[in-house]
Amino acid sequence: MTSFRKPDAARLCAGAALVTALAGALAPGAAQAQRYDHTPACDRDCLVGHLDAYLAAQAAHDASALPFADDVKMTENGLATAPGEDSFETLGETTFRLDIADPEMGQVASNMVVREGEGYAFQMLRLKVEDGQIAEVETIIGREGESGPMFVPDFATEPQREFQLTLIPSDQNSRLELLAAADAYWYALETNGEPEYRPAPLLPGAIRIENGLPTTNGSQPETMGSNTPSGAGGSSAAQQFDTGMFVSRTIYDRRFPVVDVERGVVLSIARMGIEPDYDLPAHWQGGRPVLAEMFAIQKGKITAINVVMKSTIPVDQDMGWPRDPLALSKSDPN
C-alpha cells in the first residue's frame, strides 16, 4: 500500500508561493493573458508517416534512408539493438496493422502481423519522434511456439471497430482518465481472487485478442489449449477477474508509453509473473511473458483489448526502459 507523508512547512510555503504566482499571472491584464501554442511538432499524419516509412524500410531490409537521431535508443524484446539489425533483417511486409498516435508526446505505435520467411510473426512497434528524427524504437516480436496457443495470425484480418473510432472532443476521456482505466485493468488482474481485488472498468462485451486469438466471450477451450485456466474464453474478461481465474498471476514493469486521446486508446507494456506456490504454464518455457496491450476506452470503460505477447523472456531480463514510477505494483523489484 502506498504511504503518504504530511507536507512540511517548507513545502507548504512553496505551494503558497506557487498559488500566489499563478493568481498574479491569471489576473486581468496580466501579460496580456499569455497564449501558448499547443500544436504538436509532429501531428498524427506526420507520426503515421514515420511509421509507414519505417515499415517500408523494414520490409526492404534497408534502414539507410530512415532519419535516426545520432543517439537513437532501440530495443527488441528488451535487448539493445541498432538500426538495420536483428528482426529488421528478417521481417517482411505487414498483413495487419492497428495504429495509434500520441502527438502530444511525439509517439506512434502499431500492433501488427508481419511476414517472416515462410510464416508470420506478431510485432509491436513503437517509435518516438523528436525534431523530425526517430529518437526511440521499441519492438516486441512474438513468434509461433513462444506463447503456447496464443498464435493465430490468420485470425488477425481487420482491427476491431473500437480501435478505429475518431471521438469528438466531448466524448474523449482525458489522458489521465485513459491511463487510470488501463492501470485499473492491471490492478484487477494482479489482485483477482484476493481481498484487495477491485473490478476493472470493463464492458461485458469487451473482447480481448492475444496474438490473434480471442480469449474472452466465446473462445473455445480446445482452441486456447490445455494450459489455459478452466473456463477461460467462454466468459467475459470481467467475469474472469471476478471469479479469480488468474489468481496466480502477477504484473510488474508496467508502462504506458502511448496514449491516443482522439481514438481513446492506451498502449501499455508490462511483464507477467506468477506466485511462488503455482506451477509455471508450460508455454512460458521457464521465462515470463511481456505483454504489449492496447486498451480501447470510451467513457472510462474498456471496450476492447488487443495484445502482442511473447512468453519466453528470461525472468531476470530487464526490458531496457525505465519503469513508470506512478505504476509500480507489489510485484516490482525494489
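Coordinate-derived values only; no laboratory data. This is a predicted model, so every value here is computed, not measured. Don't worry about glycine lacking a Cβ; one is built from the backbone with ideal geometry, like all the others, and counts go over all protein chains shown.
In loop segments of segment 149-196 as defined by DSSP, the GluC sites (Glu not before Pro) with at most 16 further C-beta atoms inside 10 Å of their C-beta are Glu196.
The packing ranking of peptides 44-50, 296-302, highest mean first, is 296-302, 44-50, where packing means the average number of other beta carbon atoms within 10 angstrom of each residue. Each residue, Glu89 and Glu118, gets one label point 7 Å from its Cα in the Cβ direction; the gap between the two is 2.2 nm.
Cβ crowding within 10 Å, taken as a proxy for footprinting-reagent exposure, orders Met294, Met105 from fewest neighbours to most as Met105, Met294.
To the nearest 0.05, what FRET efficiency results for Arg323 and Glu196 with a Förster distance of 22 Å applied to their C-beta separation?
Numbers: r = 21 Å, r/R0 = 0.96.
My answer for the efficiency is 0.55.
Between Arg255 and Asp62, the modelled label-to-label distance comes to 3.1 nm, taking each label 7 Å out from Cα in the direction of the beta carbon. Our summary of shape: the Cα atoms of segment 44-148 have principal axis extents of 39, 24, 24 Å, ordered from largest down, in whole angstrom.
What is the Cα centroid distance between segment 41-89 and segment 198-218, reported in whole angstrom? If you average the Cα positions of each part, the centres end up 31 Å apart.
Using C-alpha pairs below 8 Å separated by at least 6 residues, the relative contact order for segment 253-295 is 40 percent. If the chain linking Gln239 and Ala80 were pulled fully straight, counting 0.36 nm for each residue of separation and taking away their Cα-Cα distance, it would gain 53.4 nm.
Between Asp71 and Asp154, the modelled label-to-label distance comes to 4.9 nm, taking each label 7 Å out from Cα in the direction of the beta carbon. If you take all other residues with their beta carbon under 11 Å from the beta carbon of Ser268, and give Lys and Arg +1 and Asp and Glu -1, the sum is -2. The gain in end-to-end length when the Asp279 to Lys299 segment is fully stretched comes to 3.4 nm, 0.36 nm per residue minus the alpha carbon separation.
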